[in-house]
Amino acid sequence: MRDERAKNNPPFKIGVVDYLNAYPLWGALEFHSTVTLVPGTPSFLAEELAQGRVDAACISSIEYWRHRNLFTYHPHLCVAAEQETQSIRVFARRTEKSFVDTARSLRVLYTTTASRSSVAQLKTVLAEIEARPLLQEVDDADQRIDWLKEGEALLAIGDVALRHRAKPSYDLQREYFQLFRRGFVYALWVYRPERASELEPLFTEAYARYKKSTPTYLEKAAQRFGFPLDFTRIYLTETIRHEMTEERQKDMEFFFERVD
């Protein structure tokens, strides 16, 4: 049946972030007859989308903003957080001090190459608290967390941050919220405007399917990503938000006003 339908409906190539926080946006697409999923980090998928190698992708909100003359985004879906994320974390050797005091004493802060929104959020926070560590991109966050020395810190995101969340670290969204009293939109479903009539209903229907069978998909997510079911449920239903609202739109615009 899948093959027969695919003959009449050539598959869409959809870029997806293979992290727990984005799973509700693509879990129901995984076995869709007209969809081929292309996994990758948000920064990789942004380049794939810009080069036309995928039809749509879940990418960092800041990458959408920088290419807003080319793309549009699904008006009702996103990856966002309000007062904390659990999965956007700044790791340090010790965290007895406040984040402000720690950040002001840093020599270097290693940043992830995976997500531009998280790095832009970090820069916004550092500018607000007048902290000026050297920012250095690395691609080995998973190992580097255990190598940090005095005067060093590391921004890690997604499942890497979740796996190490018990280690000394600060939740970046918690610090951002304390400064600005705003939530943060990290990622969007992005595509060219001329494809909206095809792609918007596809994502809307898939998310509706996820919502209808949320307990089943939460079990799948826990098994797939290796986190306890209770943690997965709270994280995906209370901590991370996947529906764009008027308030989250304002959060996003607030952030865009403060980035380069």
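The values are calculated or read from the model by the stated rules, or taken from the named source; none is laboratory data. All of these numbers come straight from a predicted model, not from anything done at the bench. Here the Cβ positions follow ideal geometry from the backbone for every residue, glycine too, while neighbour counts run over all protein chains shown.
Quick check on T124: is it among the hydroxyl-bearing types (S, T, Y) and more than 25 Å from D146 (Cβ to Cβ)?
Details: among the hydroxyl-bearing types (S, T, Y): yes; more than 25 Å from D146 (Cβ to Cβ): yes.
Against the criterion (among the hydroxyl-bearing types (S, T, Y) and more than 25 Å from D146 (Cβ to Cβ)), T124 qualifies.
If you go through segment 100-111 one residue at a time, do you hit one that is closer than 26 Å to T232 by Cα, crowded, with 17+ Cβ neighbours inside 10 Å and not assigned by TED's automatic domain parsing to the domain that holds S197?
First pass over segment 100-111, keeping only residues closer than 26 Å to T232 by Cα: 111.
Applying the additional criterion that residues be crowded, with 17+ Cβ neighbours inside 10 Å yields 111.
The next check asks that each one be not assigned by TED's automatic domain parsing to the domain that holds S197; those that pass are 111.
Scanning segment 100-111, I find at least one residue that is closer than 26 Å to T232 by Cα, crowded, with 17+ Cβ neighbours inside 10 Å and not assigned by TED's automatic domain parsing to the domain that holds S197, so the answer is yes.
Looking at A80 and the list (1) closer than 21 Å to E243 by Cβ; (2) out of contact with any strand residue (DSSP E or B) (no Cβ under 7 Å at 6 or more places or on another chain); (3) surrounded by 15 or more Cβ atoms within 10 Å (Cβ to Cβ), which single condition is not satisfied?
(2) is the only condition that A80 fails.
Regarding E84, is this residue more than 18 Å from Y19 (Cβ to Cβ) and of a type in the set (D, E, K, R)?
Considered against the rule, which asks whether it is more than 18 Å from Y19 (Cβ to Cβ) and of a type in the set (D, E, K, R), E84 comes out as no.
Could you say whether any residue in segment 244-260 is of a type in the set (S, T, Y) and part of a helix (DSSP H, G or I)? Let's see the steps before the verdict.
From segment 244-260, those of a type in the set (S, T, Y) are 245; that's our starting set.
Filter once more, keeping what is part of a helix (DSSP H, G or I): none.
Within segment 244-260 (the criterion being of a type in the set (S, T, Y) and part of a helix (DSSP H, G or I)), the answer is no, since none of the residues qualifies.
Contact list please: Cβ distance under 8 Å, first residue in segment 31-53 and assigned by TED's automatic domain parsing to the domain that holds Y19, second residue among the basic types (K, R) and surrounded by 18 or more Cβ atoms within 10 Å (Cβ to Cβ), pairs at least six apart or on different chains.
P42/R116; S43/R116; A46/R116
Tell me, which residue of segment 168-207 that is of a type in the set (G, A, S) and in contact (Cβ under 8 Å) with a residue 60 or more places away in the chain is nearest to V119 (Cα to Cα)?
It comes out as A187.
Quick one: E150 ticks every box in (1) crowded, with 22+ Cβ neighbours inside 10 Å; (2) not assigned by TED's automatic domain parsing to the domain that holds E238 bar one, so which box is it?
All conditions are met except number (1).
Can you tell me which residue is surrounded by the most Cβ atoms within 10 Å (Cβ to Cβ) among those in segment 18-44 that are modelled with pLDDT of 90 or more and farther than 17 Å from F225 by Cβ?
Among residues in segment 18-44 that are modelled with pLDDT of 90 or more and farther than 17 Å from F225 by Cβ, the one surrounded by the most Cβ atoms within 10 Å (Cβ to Cβ) is V35.
Does any residue in segment 9-28 that is under 18 Å from F184 (Cα atoms) and among the small types (G, A, S) come within less than 6 Å, Cβ to Cβ, of a residue that is assigned to a strand (DSSP E or B) and modelled with pLDDT of 95 or more six or more places away or on a different chain, and which pairs are these?
The qualifying pairs are A22/V79.
Among the listed residues R182, R233, R248, identify the single one that is within 22 Å of R89 (Cα to Cα), surrounded by fewer than 21 Cβ atoms within 10 Å (Cβ to Cβ), at pLDDT 95 or above and in contact with a Leu (Cβ under 8 Å, 6 or more places away or on another chain). Outline the logic, then answer.
Numbers: R182 fails: in contact with a Leu (Cβ under 8 Å, 6 or more places away or on another chain); R248 fails: in contact with a Leu (Cβ under 8 Å, 6 or more places away or on another chain).
Checking each option against the conditions leaves just R233.
Looking at A56, A80, which one is closer than 26 Å to L155 by Cβ and small (G, A, S)?
On the way: A56 fails: closer than 26 Å to L155 by Cβ.
Result: A80 is the single residue among A56, A80 that is closer than 26 Å to L155 by Cβ and small (G, A, S).
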